[in-house]
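Undergrad: The structure that follows is given in the form of structure tokens.
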Amino acid sequence: MAECPLPLDALPKPLQKHADPKAPPALRSMGAKGLVPAVAPADLVTLLFFLSHDADEAIAATAIRTAEGLPDKITGVALRDEGLTPPVLDWLADRFTGKDATLELVLLNPQTSDQTVARLAPVVSQPLADIVRQNELRLLRHDPIIRGLCQNPNALASTVDGACDFCVRNGLTLLDVPQLVEAHKRVHGVDPVARPPEDSAAALMAEFQQELAEDQAPLLRAETEEEKSRKLTITQRILKMSVSEKIKLATLGNKEARTILLRDANKLVSMAAATSPRITEGEIATLATSRTTNADVLRYIYTNRDFLRSYGLRLALVKNPKVPLPTALRFLQGLQERDVKELARDRNVPQTVSAQAKAYMMKREAAQKGRSEK
């Protein structure tokens with residue numbers, strides 16, 4: 001049995017005793033049967049994933065059977081949870097082969113890996129092929145997805161043609177995929193074989209490996225003219241890239257590349273940079289503070305529960321006028337008194353936020369006065 005790819009602490013503490021290989025078989029078997037009380041659906045499927053790798057084949061087989069037999073209500077809640085890890089989602093995709101309603105949730109979960117979507121793309125049903133096509137960022141970010149969609153016998157010709165036309169318009173043409181070659185001729189009116197070569201993310205990464213493959217510490221000395229020139233060259237070449245190559249660079253490149261691409265006018269590019277697995281908490285905090293951050297990127301930040309664990313980030317979102325007022329006011333309710341006082345006096349925040357902060361402080365002071373008079 002293959003070793004579980006997740007560390008034990010990916011499970012809540014109370015569940016770890018049911019998944020620990022050193023735990024008694026009775027405890028592990030209890031977990032494999034799904035008999036652990038008061039467990040959240042996402043934690044339950046993660047526990048079953050752990051136990052499907054158990055050294056005891058009987059326990060592993062029981063965990064798989066339990067997962068495949070879970071009620072739709074439980075799997076539905078679990079698969080909508082963006083806290084699920086990519087390996088668990090990939091495993092669940094295999095458990096629910098042929099169950100379109102469940103596989104749809106796997107495809108729609110942003111934590112599902114591109115590799116999982118690419119594996120499903122050639123074999124899913126026609127309605128699910130339409131869902132694969134609708135995730136345009138994935139299509140441009142991971143070539144095997146469009147390859148798989150083109151190979152899917154269930155996909156409508158209009159779905160494949162639409163996906164290929166979209167990819168070609170955004171600079172992605174794979175010469176070994178006939179549908180993309182035809183789309184290139186259809187969109188541009190020329191054979192793609194005759195087109196001049198374009199800069200690619202891979203080529204730029206190879207040429208400027210040190211600059212783009214590593215997030216280096218800030219320089220403690222002044223940059224040389226040569227270093228400034230190389231940075232300028234990188235920026236110019238990035239700006240000239242096709243959308244598909246920008247998306248790949250946003251996913252693979254370093255902070256410098258992301259900083260450039262987060263400002264890109266195309267929302268798919270800016271979102272690719274914001275959702276890069278390499279982006280840091282500091283970069284997210286800067287985006288939450290900036291008044292020029294793309295609205296889609298801001299929405300991604302203020303709807304992400306992991307990001308919102310940071311008090312400083314919630315405060316920054318309240319101050320940012322581009323954040324919708326209902327969202328800003330909701331975060332305002334959880335701020336500390338000293339920060340609410342500051343917001344009440346701050347002329348740079350939205351007027352409604354400042355007014356609500358003042359009202360909150362007046363209400364609090366009135367309540368304190370009432371208690372003191374008693």
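Undergrad: Would you pick out the residues in the range 242-257 that are among the aliphatic types (A, V, I, L, M) and either touching a Ser or Thr at 6+ places or on another chain (Cβ under 8 Å) or at pLDDT below 90 (or both)?
TA: Passing the criteria: A250, L252, A257.
Undergrad: I'd like to verify a number: residues in the range 263-280 that are in a helix (DSSP H, G or I) and touching a Phe, Trp or Tyr at 6+ places or on another chain (Cβ under 8 Å), how many?
TA: 2
Undergrad: Can you confirm whether the range 328-336 contains a residue that is closer than 26 Å to R347 by Cα, surrounded by fewer than 18 Cβ atoms within 10 Å (Cβ to Cβ), of a type in the set (D, E, K, R) and modelled with pLDDT of 90 or more?
TA: yes
Undergrad: Got at least one residue in the range 192-212 being modelled with pLDDT of 85 or more and over 24 Å from T280 (Cβ atoms)?
TA: yes
Undergrad: I'm told R186 meets every condition in (1) buried (at least 18 other Cβ atoms within 10 Å of the Cβ); (2) among the charged types (D, E, K, R); (3) more than 28 Å from the chain's Cα centre (by Cα) except one. Can you identify the failing condition by its number?
TA: Going through the list (1) buried (at least 18 other Cβ atoms within 10 Å of the Cβ); (2) among the charged types (D, E, K, R); (3) more than 28 Å from the chain's Cα centre (by Cα), R186 breaks only (1).
Undergrad: Something else about it: State all residues of the range 31-67 that are closer than 20 Å to T102 by Cα and among the small types (G, A, S); if no residue qualifies, say none.
TA: Scanning the range 31-67 gives G34, A40, A42, S52, A63, A67.
Undergrad: Within the range 85-109, how many residues are among the β-branched types (V, I, T) and either over 16 Å from I131 (Cβ atoms) or in a loop (DSSP other than H, G, I, E, B) (or both)?
TA: 3
Undergrad: Would you be able to say whether some residue in the range 309-320 is farther than 25 Å from G83 by Cα and either touching a Lys or Arg at 6+ places or on another chain (Cβ under 7 Å) or of a type outside the set (D, E, K, R) (or both)?
TA: Within the range 309-320, one or more residues are farther than 25 Å from G83 by Cα and either touching a Lys or Arg at 6+ places or on another chain (Cβ under 7 Å) or of a type outside the set (D, E, K, R) (or both).
Undergrad: Checking the condition acidic (D, E) and either in contact with a strand residue (DSSP E or B) (Cβ under 8 Å, 6 or more places away or on another chain) or exposed (fewer than 15 other Cβ atoms within 10 Å of the Cβ) (or both), which residue from E104, E57, E136 passes?
TA: It is E57.
Undergrad: Moving on to the next point. Considering each of T286, T280, T235 in turn, give the residue that is over 25 Å from C167 (Cβ atoms) and out of contact with any Asp or Glu (no Cβ under 9 Å at 6 or more places or on another chain).
TA: Unique residue meeting the criteria: T286.
The values are calculated or read from the model by the stated rules, or taken from the named source; none is laboratory data. Please read all numbers here as calculations on a predicted model, not as lab measurements. Every residue, glycine as well, gets a Cβ built from its backbone with ideal geometry; the counts of neighbours run over all protein chains shown.
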